[in-house]
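Visitor: Okay, here's the structure, questions in a sec.
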Amino acid sequence: MNGAAKGAIVGGVFLAMAGGTAYGVYALVGDAGDSGGTAGGTSVQAAKGSGPVGEKDAAATAKAFLAAWAAGDGRAAAELTNNVAAAESAVGGFRNTAYVSKAVITPGTPAGTTMPFKVAAEVTYEGVTKPLVYDSKLTVVRGLTSGRPLVDWQPSIIHPQLGQNETLRAGEPANPPVKAVDRNGEELTAEKYPSLRPVLDQLRATYGSKTGGAPGAELWIEPAAGGSSARRTLLTLVEGRPSTLKTYLDATVQAAAEQAVARYPQASVVAVKPSNGHILAIANHRADGYDAAMTGNRAPGSTMKIVTAAMLLNRGLVAADKPAECTKEAVWGGRTFHNLKNFELPGATFATSFAKSCNTAFIKPIDGVRDDAALSKEAKEVFGIGLDWKTGIKSTDGRVPTATGAEEAAAYIGQGQITMNPLNVASITATARTGVFRQPLLVSPDLDGRTIATTERRMKPGVQQQLVSMMRLTAAGGTAAEAMASVGGDKGGKTGSAEVDGAGSPDSWFTGFGGDVAAAAMVEGGGHGGDAAGPIVAAVLSAR
């Protein structure tokens, strides 16, 4: 591209509209008539004060800020905020790095000290102009030192998708676009599968330069240096030539996952194929856009009992068909543990205690384990938890640290210091299903030669058979029965409810298998595992 043309936006204008009447018309670059960034040449100087900002002062400050922004005067706009340096950089970047050549900023109706507004902009790069329209808002607060009404600076004022230390940039991206396809060759787009937007951005960043193609030109959000978020494309100015990248996702399962999580706020789900570890679906429905499905770290509740049961079975401390003491409560390390609503199961087998999710039946055998690291070893050596999985995109390993006393007992039932995400728990179920850990994969390791994690030992056949039989019992007549009723064929499940400090309701966890698909879901604050996470997993398994 011709670099000399990139900054050629002289003559573009910003307009700030109030009630349909322009109160500022300025040339963005090179206008001799620039009035210095104030609204219509009139400076707005709000009075000092104390206490909450009044609505009248808030509206005046908000409109003055928008007028200065519309004039392209970063300094004048910044002086009306409580973070001058950050605001000046962002407003200047709107013109200089995002290449916004024209904008109409229209204030809406204030709500207290918050002013909504609409931006109808044009981005011009290399002689190509495309529209960019969005809604945003700002809030006015009292300056801590000045006492004046000031815009409470947030990057989202410039664009609602901007996070802390993120910037808008336009130009030729570092990596060409990729056309991601599922295992059967069907194209996967963010428009059709919204949960995949961050996944597709990561795939492009990682593999775009490895699979050919040409970059084109775009407007994008540049993530903060060292941050965990991925680069996000907002607007395509010049279509690049994409290369095709095959993933292991399944479009049918992904569609079911998208629809299922949409029913609950703060919901996430992952599905994997036990026979090879391929990831079939990743979906999140969260207001914060966080990929909790792959990178979350929350206590998994009783879904952890799959690992605990495997450890106890392996050591011969329990057997599926032998009695297990399921009392109302159990004491370990000076702490008393209870079952949900203090239920008890006199004379129940370990399989029944597993199916009914009896906490005390899992805590009472601790005395016979005689190894504080037993659960941690089982999780890592058999289930692969903590082996630094390289799935093809960013993912977080589960954490099962060695614990003693009451913390050890809490770990046995998925509380304490243990953290997981739906990817980890889906993999645990997949390992239980086959007896062999297969590291989850989103794309082939042949693309970049990355090393795939393997475990030190496989599950004993006798342990695996008992574990699967108990999960089948849970789905047939235990705590997972209602949620799994719609899933046909060979199936198994496990519920979980994880208490979180300060939360009004526990996190809802559920995991299950159906045929050669294993899935796990989590709904923050969703309550009992079968109530929210259960229907999500059932919907995904039914799509297989």
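The values are calculated or read from the model by the stated rules, or taken from the named source; none is laboratory data. Model, not experiment: these values are computed from the prediction. In this analysis, Cβ positions are derived from the backbone assuming ideal geometry, glycine residues included, and neighbour counts consider all displayed protein chains.
Visitor: Could you check, for region 176-192, whether at least one of its residues is acidic (Asp, Glu), in contact with a strand residue (DSSP E or B) (Cβ under 9 Å, 6 or more places away or on another chain), crowded, with 16+ Cβ neighbours inside 10 Å and outside the structural domain of Val443 (by TED's automatic domain parsing)?
Guide: Kept after step one, since they are acidic (Asp, Glu), are these residues of region 176-192: 182, 186-187, 191.
Next cut, in contact with a strand residue (DSSP E or B) (Cβ under 9 Å, 6 or more places away or on another chain) only: 182, 187.
Now drop any that are not crowded, with 16+ Cβ neighbours inside 10 Å, which leaves 182.
Now drop any that are not outside the structural domain of Val443 (by TED's automatic domain parsing), which leaves 182.
Yes, because at least one residue in region 176-192 is acidic (Asp, Glu), in contact with a strand residue (DSSP E or B) (Cβ under 9 Å, 6 or more places away or on another chain), crowded, with 16+ Cβ neighbours inside 10 Å and outside the structural domain of Val443 (by TED's automatic domain parsing).
Visitor: Collect the residues in region 459-481 that are buried (at least 16 other Cβ atoms within 10 Å of the Cβ) and either under 30 Å from Leu245 (Cα atoms) or among the basic types (Lys, Arg) (or both), keeping them in residue-number order.
Guide: Within region 459-481, just Arg472 meets the criteria.
Visitor: Please determine whether any residue of region 239-261 is among the aliphatic types (A, V, I, L, M), in contact with a strand residue (DSSP E or B) (Cβ under 7 Å, 6 or more places away or on another chain) and within 21 Å of Pro445 (Cβ to Cβ).
Guide: Residues of region 239-261 among the aliphatic types (A, V, I, L, M): 245, 249, 251, 253, 255-257, 260-261.
The next check asks that each one be in contact with a strand residue (DSSP E or B) (Cβ under 7 Å, 6 or more places away or on another chain); those that pass are 245, 249, 253, 257, 260-261.
Now restrict to residues that are within 21 Å of Pro445 (Cβ to Cβ): 245, 249.
Scanning region 239-261 turns up at least one residue that is among the aliphatic types (A, V, I, L, M), in contact with a strand residue (DSSP E or B) (Cβ under 7 Å, 6 or more places away or on another chain) and within 21 Å of Pro445 (Cβ to Cβ).
Visitor: So, one more: May I ask you to list the residues in region 59-107 that are of a type outside the set (Gly, Ala, Ser) and either part of a strand (DSSP E or B) or not assigned by TED's automatic domain parsing to the domain that holds Val141 (or both)? Spell out the reasoning first.
Guide: Let us first name the residues in region 59-107 that are of a type outside the set (Gly, Ala, Ser), namely 61, 63, 65-66, 69, 73, 75, 79-84, 88, 91, 94-97, 99-100, 102, 104-107.
Passing the criteria: Thr81, Val100, Lys102, Val104, Ile105, Thr106, Pro107.
Visitor: Oh, and also: Just to check your reading of the model, which residue among Glu408, Glu378 is over 30 Å from Leu280 (Cβ atoms), outside any loop (DSSP other than H, G, I, E, B) and assigned by TED's automatic domain parsing to the domain that holds Met470? Can you show your working first?
Guide: Values: Glu378 fails: over 30 Å from Leu280 (Cβ atoms).
When all the criteria are applied, what remains is Glu408.
Visitor: Could you pull out the residue among Thr114, Thr81 that is buried (at least 19 other Cβ atoms within 10 Å of the Cβ), at pLDDT 95 or above, of a type in the set (Val, Ile, Thr) and within 31 Å of the chain's Cα centre (by Cα)? Lay out the reasoning, then the answer.
Guide: Details: Thr114 fails: buried (at least 19 other Cβ atoms within 10 Å of the Cβ).
On inspection, the qualifying residue turns out to be Thr81.
Visitor: Return yes when Asp446 is without any contact (Cβ under 8 Å) to a residue 40 or more places away in the chain and not in a loop (DSSP other than H, G, I, E, B) and no when it is not. Lay out the reasoning, then the answer.
Guide: Details: without any contact (Cβ under 8 Å) to a residue 40 or more places away in the chain: yes; not in a loop (DSSP other than H, G, I, E, B): yes.
Yes; evaluated as a whole, the condition is true for this residue.
Visitor: Ok, one more. Identify, from the list Ile393, Ile363, Ile428, the residue that is in contact (Cβ under 8 Å) with a residue 60 or more places away in the chain, in contact with a helix residue (DSSP H, G or I) (Cβ under 9 Å, 6 or more places away or on another chain) and farther than 15 Å from Thr511 by Cβ. Write out each step before concluding.
Guide: Working: Ile363 fails: in contact (Cβ under 8 Å) with a residue 60 or more places away in the chain; Ile428 fails: farther than 15 Å from Thr511 by Cβ.
Selected residue: Ile393, the only one of Ile393, Ile363, Ile428 that is in contact (Cβ under 8 Å) with a residue 60 or more places away in the chain, in contact with a helix residue (DSSP H, G or I) (Cβ under 9 Å, 6 or more places away or on another chain) and farther than 15 Å from Thr511 by Cβ.
Visitor: Give region 96-135 a look and list any residue that's touching a helix residue (DSSP H, G or I) at 6+ places or on another chain (Cβ under 7 Å) and not β-branched (Val, Ile, Thr), or say none. Quick ask: steps written out before the conclusion?
Guide: Going residue by residue through region 96-135, those that are touching a helix residue (DSSP H, G or I) at 6+ places or on another chain (Cβ under 7 Å) are 100, 103, 105, 107, 110, 112-113, 115, 117, 126-127.
Those that are touching a helix residue (DSSP H, G or I) at 6+ places or on another chain (Cβ under 7 Å) and not β-branched (Val, Ile, Thr): Ala103, Pro107, Pro110, Gly112, Met115, Phe117, Glu126, Gly127.
Visitor: Another question about this same structure. If you take the residues of region 482-508 that are in contact with a helix residue (DSSP H, G or I) (Cβ under 6 Å, 6 or more places away or on another chain) and charged (D, E, K, R), which of them is surrounded by the most Cβ atoms within 10 Å (Cβ to Cβ)?
Guide: Looking at residues that are in contact with a helix residue (DSSP H, G or I) (Cβ under 6 Å, 6 or more places away or on another chain) and charged (D, E, K, R), I get Lys494.
Visitor: Condition test on Ala170, is it in contact with a helix residue (DSSP H, G or I) (Cβ under 7 Å, 6 or more places away or on another chain) and either crowded, with 19+ Cβ neighbours inside 10 Å or closer than 30 Å to Lys48 by Cβ (or both)? Full working, then the answer.
Guide: Details: in contact with a helix residue (DSSP H, G or I) (Cβ under 7 Å, 6 or more places away or on another chain): no; either crowded, with 19+ Cβ neighbours inside 10 Å or closer than 30 Å to Lys48 by Cβ (or both): yes.
Judged against the criteria, Ala170 is not a match.
Visitor: Still on this structure, please answer the following. Test of understanding: among Ala230, Ala283, which residue is outside any loop (DSSP other than H, G, I, E, B) and either hydrophobic (A, V, I, L, M, F, W, C) or touching a Lys or Arg at 6+ places or on another chain (Cβ under 7 Å) (or both)?
Guide: On the way: Ala230 fails: outside any loop (DSSP other than H, G, I, E, B).
The unique qualifying residue is Ala283.
Visitor: Next question, about the same structure. So for region 333-350 (the condition being hydroxyl-bearing (Ser, Thr, Tyr), more than 35 Å from the chain's Cα centre (by Cα) and not in a loop (DSSP other than H, G, I, E, B)), does at least one residue qualify?
Guide: yes
Matching residues to (1) over 23 Å from Met294 (Cβ atoms); (2) touching a Cys at 6+ places or on another chain (Cβ under 9 Å); (3) acidic (Asp, Glu):
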residue: Asp446; (1), (2), (3): no, no, yes
residue: Gly449; (1), (2), (3): no, no, no
residue: Met459; (1), (2), (3): yes, no, no
residue: Val463; (1), (2), (3): yes, no, no
residue: Ala481; (1), (2), (3): yes, no, no
residue: Lys494; (1), (2), (3): no, no, no
residue: Ala518; (1), (2), (3): no, no, no
residue: Gly529; (1), (2), (3): no, no, no
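Visitor: Residues being at pLDDT 95 or above and under 22 Å from Ala498 (Cα atoms): count how many of those fall in region 267-290. Reasoning before the result, please.
Guide: Applying the first criterion (at pLDDT 95 or above) to region 267-290 yields 267-285.
Next, from what is left, pick out any that are under 22 Å from Ala498 (Cα atoms): 267-271, 282-285.
Looking only at that region, the number is 9.
Visitor: Now, a different point. Given the conditions (1) touching a Pro at 6+ places or on another chain (Cβ under 6 Å); (2) not assigned by TED's automatic domain parsing to the domain that holds Ala60; (3) not in a loop (DSSP other than H, G, I, E, B), and given that Leu196 satisfies all but one, which numbered condition is not satisfied?
Guide: Among (1) touching a Pro at 6+ places or on another chain (Cβ under 6 Å); (2) not assigned by TED's automatic domain parsing to the domain that holds Ala60; (3) not in a loop (DSSP other than H, G, I, E, B), Leu196 violates only (1).
Visitor: Based on what the data block shows, is Asn314 free of Cβ contacts under 8 Å to residues at least 24 places away in the same chain, in contact with a Lys or Arg (Cβ under 7 Å, 6 or more places away or on another chain) and within 27 Å of Ala520 (Cα to Cα)?
Guide: no
Visitor: Go through Thr295, Thr303 for me and flag whichever is at negative phi, modelled with pLDDT of 95 or more and touching a helix residue (DSSP H, G or I) at 6+ places or on another chain (Cβ under 7 Å).
Guide: On the way: Thr295 fails: touching a helix residue (DSSP H, G or I) at 6+ places or on another chain (Cβ under 7 Å).
Going through Thr295, Thr303 in turn, the sole match is Thr303.
Visitor: Could you check how many residues of region 233-256 are at pLDDT 95 or above and either in a loop (DSSP other than H, G, I, E, B) or closer than 30 Å to Val133 by Cα (or both)?
Guide: Within region 233-256, residues that are at pLDDT 95 or above and either in a loop (DSSP other than H, G, I, E, B) or closer than 30 Å to Val133 by Cα (or both) number 6.
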